[in-house]
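Novice: Structure provided below as structure tokens; questions to follow.
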Amino acid sequence: MQDHKINKVAVLTSGGDAPGMNAAIRAIVRTASHHGLQIAGVQKGYYGLVHNEFIDLGSRSVSNIIQRGGTILRSARCQEFRTEEGQRQAAENLQSNDIDALFVIGGDGSLQGAHHLATHWPGQIIGLPGTIDNDLSGTDYTIGYFTALDTALDAIDKIRDTADAIDRVFLVEVMGRMAGFIAAGAGVAGGAEEILVPERAVDIDALVDDITIAKEKGKVSFIMIVAEGAYPGGATALSVELEKKSGIECRPCILGYIQRGGSPAALDRILATKLGTFSVEQALQGVSGVMTGIINSELVTTPLKQTWENRKPLDPYLFELQKIMAG
Ligand code: ADP
Ligand code: F6P
């Protein structure tokens, strides 16, 4: 297909940083350079876009970053960009920097921002799913999810050693905002006895029964994975409630921000490289207003609005087999 005429592109990372963002930046820069395009990086996400923090990038700028967590462009959460005035200023800065296409690597909020920017700027905008939450529709996996899973699993395996040693119930709280993908994946991989997610109601009395029955059956350890959005107050509050009702010692363990760090897993690096390259190729064909993703191993594009308006479902089979495994 005749290449669509663009000369200069820009890339930014926005919102919650995720392992693999650097691999995506690298793929965008190297592919754009391969096609003879000029490349600019925008520092600190939408904050940098509003405050004109553009830097020149080239193939050498992204050497030796594929294995690094975080993002060399840094990220931010920017209230200014939620306003029309902030979006207009961002559009002006893109215009004055002669940008023809912008790549936004971020989560659902960042993609909503990209969607609003399009009403102020005529250039092409392509989003890449960069979040550990895996909560974006239009892709089976988001960049950072695999690494966050491995990080949570490593912690769960360590918790299991003390859970085997002392008669207690451990509640391991994982990130995911209002989605349970990290909890469901880490729970099955970690052999958890319970998995609590925002998508499914929590029944305290049923949990107390499960704990009591498990102890009666002689189960040596009991680990519950609690997605941070599954219960008000998270694992800490739930731990107090369960101990009060069951009479069994309960201990919370909040994994927190370690899930956002670390050297990206191989699958995140491969995903990020595929999506970065595919995104530039789509831009060269004139595509705009979409997020790139991978579904059933196929590279696809999805209109930006659908990525957050269509709630991506959890795999129900994970919960069926977890119940059998916990028997
Ligand atoms: P994530 O992209 O990881 O979901 P946020 O939800 O914090 O992270 O969004 C990142 C940034 O995107 C916000 O700080 C804001 O600048 C911008 N943003 C989010 N939602 C909107 C919106 N509805 N309109 C305009 N900008 C938005
Ligand atoms: O969206 C990624 C994420 O890590 C969520 O899982 C978590 O709830 C949120 O970001 C934390 O936001 P912040 O980095 O602003 O504390």
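Novice: Spelling out what I want: for every residue of region 110-127, take phi, set θ = phi - 60°, compute 6.51 cos²θ - 1.76 cosθ + 1.60 (Karplus), and round to whole Hz; glycine and proline get x.
Specialist: Karplus values, whole Hz, x for Gly and Pro: 4, 6, 5, x, 4, 4, 5, 4, 4, 7, 10, 9, x, x, 7, 10, 10, x.
Novice: Which distance in nm do the two modelled labels at Glu320 and Asp161 give, with both placed 7 Å along the Cα-to-Cβ direction?
Specialist: Placing both labels 7 Å beyond Cα along the Cβ direction yields 3.6 nm.
Novice: Of the beta bridges DSSP finds with both residues in region 145-260, what % are antiparallel, to the nearest 5? Display every interim value, and only then the final one.
Specialist: Working: 0 of 14 bridges.
Roughly 0 percent of the beta bridges in region 145-260 run antiparallel, per DSSP.
Novice: Can you list, largest first and rounded to whole Å, the semi-axes you get for region 1-103 by taking the square root of 5 times each eigenvalue of its Cα gyration tensor?
Specialist: Equivalent ellipsoid of region 1-103: 22, 19, 10 Å, largest first.
Novice: For Cα pairs less than 8 Å apart in space and 6+ apart in sequence, what is the mean separation divided by the residue count of the chain, i.e. the relative contact order in percent?
Specialist: The value is 24 percent.
Novice: Above 25 Å lies some portion of the pair distances; for region 145-260, what is it as a whole percent of all C-alpha pairs?
Specialist: I get 13 percent for the Cα pairs in region 145-260 exceeding 25 Å.
Novice: Let me ask something else. Could you put Leu12, Leu49 in order, starting from the residue whose Cβ has the fewest other Cβ atoms within 10 Å?
Specialist: Values: Leu12 29, Leu49 33.
So the residues, fewest neighbours to most, are Leu12, Leu49.
Novice: In addition: Name the residues of region 95-118 whose amide N is less than 15 Å from a point 7 angstrom out from the Cα of Lys305 along the C-beta direction?
Specialist: Answer for region 95-118: 112-118.
Novice: Could I ask something else about it? Got the relative contact order for region 117-180 handy, in percent, Cα pairs under 8 Å and 6 or more residues apart? Working shown, then result.
Specialist: Working: 44 pairs, mean separation 18.6, N = 64.
Value for region 117-180: 29 percent.
Novice: Hey, another quick one. Would you please give the residues with an amide H less than 5 Å from that of Ala265, counting only those at least 5 places away or on a separate chain, with H modeled from the backbone geometry?
Specialist: Result for Ala265 returns Thr147.
Novice: Moving to a separate point now. Report the residue, chosen from Pro129, Pro264, Pro232, that carries the largest GNM mean-square fluctuation when the chain is represented by alpha-carbon nodes joined by springs under 10 Å.
Specialist: For the chain, modelled as a Gaussian network with Cα springs under 10 Å, the answer is Pro232.
Novice: I've got another one for you. Please give every one of the lysines within straight-line cross-link reach of Lys274, meaning a C-alpha to C-alpha distance under 26 Å, and leave out same-chain neighbours fewer than 8 residues apart.
Specialist: Partners within reach: Lys5, Lys8, Lys44, Lys305, Lys312.
Novice: Over region 145-260, what relative contact order in percent results from Cα pairs under 8 Å that are six or more residues apart?
Specialist: Working: 208 pairs, mean separation 44.6, N = 116.
38 percent.
Novice: Once you compute Rg and the Kirkwood Rh from C-alpha atoms, what is the Rg to Rh ratio for the chain? Intermediate values should be presented prior to the final figure.
Specialist: Details: Rg = 21.7 Å, Rh = 20.7 Å.
Expressed as Rg/Rh, it is 1.05.
Novice: If you restrict to DSSP beta bridges whose two residues both lie in the chain, what percentage is antiparallel, to the nearest 5? Please report the intermediate quantities before stating the final value.
Specialist: On the way: 10 of 42 bridges.
Around 25 percent antiparallel, to the nearest 5.
Novice: Arrange Phe54, Phe103 by Cβ neighbour counts within 10 Å, fewest through most, would you? It would help to have the intermediate numbers written out before the result.
Specialist: Details: Phe54 19, Phe103 30.
Ascending Cβ contact count within 10 Å gives the list Phe54, Phe103.
Novice: How large is ³J(HN,Hα) for each residue in region 238-252, as worked out from phi by the Karplus curve 6.51 cos²θ - 1.76 cosθ + 1.60 (θ = phi - 60°), to whole Hz, x for Gly and Pro?
Specialist: After applying 6.51 cos²θ - 1.76 cosθ + 1.60, I find 5, 4, 4, 4, 5, 5, 4, 7, 9, x, 9, 4, 10, 10, x Hz.
Novice: Work out from phi, with θ = phi - 60° and the Karplus expression 6.51 cos²θ - 1.76 cosθ + 1.60, the ³J(HN,Hα) of each residue of region 128-140, listed in order in whole Hz, and give x for Gly and Pro.
Specialist: 10, x, x, 6, 6, 6, 6, 9, 9, 6, x, 7, 5
Novice: If you consider only alpha-carbon coordinates, what radius of gyration and Dmax does region 189-327 have, in Å?
Specialist: 20.2, 64
Novice: Could I ask something else about it? Sum -39500 (n - 2.57) across every DSSP H segment of at least 4 residues in the chain, then divide by the residue count to get the 222 nm mean residue ellipticity, nearest 500.
Specialist: After summing the helix terms and dividing by the residues of the chain, the value is -13000 deg cm²/dmol.
Novice: Another question about this same structure. Based only on other Cβ atoms within 10 Å, what is the fewest-to-most ordering of Arg74, Arg60?
Specialist: Values: Arg74 17, Arg60 9.
Ranking Arg74, Arg60 by Cβ neighbours within 10 Å, fewest first, gives Arg60, Arg74.
Just so you know, all these numbers are worked out from the coordinates, no wet-lab data involved. Not measured: the values here are computed from a predicted model. Ideal geometry is used to build each Cβ from the backbone, glycine not excepted, and the neighbour counts take in all protein chains shown.
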